[in-house]
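Trainee: Please read through the structure below; I'll follow up with questions.
A short reminder: the numbers here are calculations on the coordinates, not readings from a lab. Since this is a predicted model, take the numbers as computed values, not measurements. Backbone-built Cβ (ideal geometry, glycine too); neighbour counts: all protein chains shown.
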Amino acid sequence: MTPVNEPASFLDVVNVAVMLFQLRREVRQRREYLYRKAQEDRLRTIEEKKQKLKGALDENQLLPTEVRKDALQLQKLLEFDDEGAEGKSCYFLLSSAASCLITPMCISSHMDDEYKWAGVEDPKVMVTTSRDPSSRLKMFSKEVKLMFPGAQRMNRGNHEIAALVRACKANNVTDLVIVHETRGQPDGLVVCHLPFGPTAYFTLYNVVMRHDVPDIGTMSEAYPHLIFHNFTSRLGKRVSNILKYLFPVPKEDSRRVITFANQEDFITFRHHTYKKTDHKNVELTEVGPRFEMKLYMIKLGTLENESTADVEWRHHAYTHTAKKRRFLSVQ
């Protein structure tokens, strides 16, 4: 006999409707985020042209060729420039078609949308590994989980990236951290901020785990103070924000310190606790783990959109100046 398809129950219909609603909402929010990012890029282009025009006028030099067409409109905008509220200036948009001024807008960074709850709510971090992890990678993921207060660790199993990201979004996870390995040695770290990104990719070097140090003791789970050294460029501040917002706001009396020190674009990670021996001296105790990180890419999307997300920055190793240039610091 030919099997007869049973009619869908009411709960099945409701579940499908809820799933479709969530998908539409996610698509709409993503579209709004991309629109705001495009607006920011347009306004940043106008700001860069204004600064070039202002520099040429101040130094009595010829105008750069890229600003000559809109020089008169840009000069009018310079009259209204000030630092604005909290360092954000308001501008008028230039209409490329009519070469006229249109509605005023206030420049805001897409980072305002990415980290709008930073400092208000504690981050919720999920740590996992690549597929089929070795025992050393499992141990390292446990130590990474202890680095972030309140973080949780999830066994990867055979789950795909898209399923992991969907589960994290459904449980209001703010950041997904994935550690990778090569022949049992941890060598990769991916930090994906949810729900819209960014996603930062790091290579790990010289990893020394707590499990490699005998009689090291337990790790403090207090909210740590953070030290960021030599992140002075625009990209450096971007990277420091990505790392900084993985941690909650510490209490003033916390004795736990985590350091990210940049030297020639290698980020040294160190983890210490301290105690005062007297009113002048402080004794540091390294807790571990320790490693060096090197950024090689930042994407504006999340991991499930990796193939279609815009690349914000990428390290190009095979260029003549790759060994000389420094990206995370001005010098």
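Trainee: Would you tally the net charge around VAL179, using a Cβ to Cβ cut-off of less than 14 Å, leaving VAL179 out, and scoring K and R as +1, D and E as -1?
Mentor: Counting the neighbours of VAL179, the net charge comes to +2.
Trainee: Under a 5 Å amide H to amide H cut-off, with H placed in plane at 1.01 Å, what residues pair with ARG156 once short-range neighbours are removed?
Mentor: Correct list: THR129.
Trainee: Hey, another quick one. Towards the positive end of the charge dipole of the chain, with charges on Cβ (+1 Lys, Arg; -1 Asp, Glu), say which of VAL207, GLY197, ALA309 has the farthest Cα.
Mentor: Result: VAL207.
Trainee: Something else about it: What full-extension length gain, to one decimal in nm, is calculated for ARG28 and SER134 as 0.36 nm per residue of separation minus the Cα-Cα distance?
Mentor: 34.2 nm
Trainee: What does the highest-first list of 298-308, 63-73 look like by mean Cβ count within 10 Å?
Mentor: 298-308, 63-73
Trainee: Let me ask something else about it. Multiply the residue gap between ARG166 and ALA261 by 0.36 nm, knock off their C-alpha separation, and tell me the result in nm, one decimal place.
Mentor: Answer, rounded to one decimal: 30.9 nm.
Trainee: Straight-line reach from LYS323: which aspartates and glutamates fall under 16 Å, measuring Cα to Cα and dropping same-chain residues less than 8 apart?
Mentor: Result set, ordered by chain and number: GLU264, ASP265.
Trainee: Which entries in the list LYS54/LYS237; LYS138/LYS276; LYS124/LYS299; LYS145/LYS280; LYS294/LYS324 go over 27 Å, if you measure between the two C-alpha atoms of each?
Mentor: Violating the 27 Å limit, Cα to Cα: LYS138/LYS276; LYS145/LYS280.
Trainee: Can I ask one more? Counting pairs of alpha carbon atoms under 8 Å apart in space and at least six apart in sequence, what relative contact order in percent does region 233-331 give?
Mentor: 26
Trainee: Provide the packing ranking of 188-195, 310-317, i.e. peptides ordered by the mean count of other C-beta atoms within 10 Å per residue, highest first.
Mentor: 188-195, 310-317
Trainee: Further question on the same structure: Grab the other residues whose beta carbon is less than 15 angstrom from that of ALA317, score K and R as +1, D and E as -1, and report the net.
Mentor: +4
Trainee: In addition: Kirkwood Rh and Cα-based Rg: tell me the resulting Rg over Rh for region 115-314, rounded to two decimals.
Mentor: My calculation of the ratio gives 0.95.
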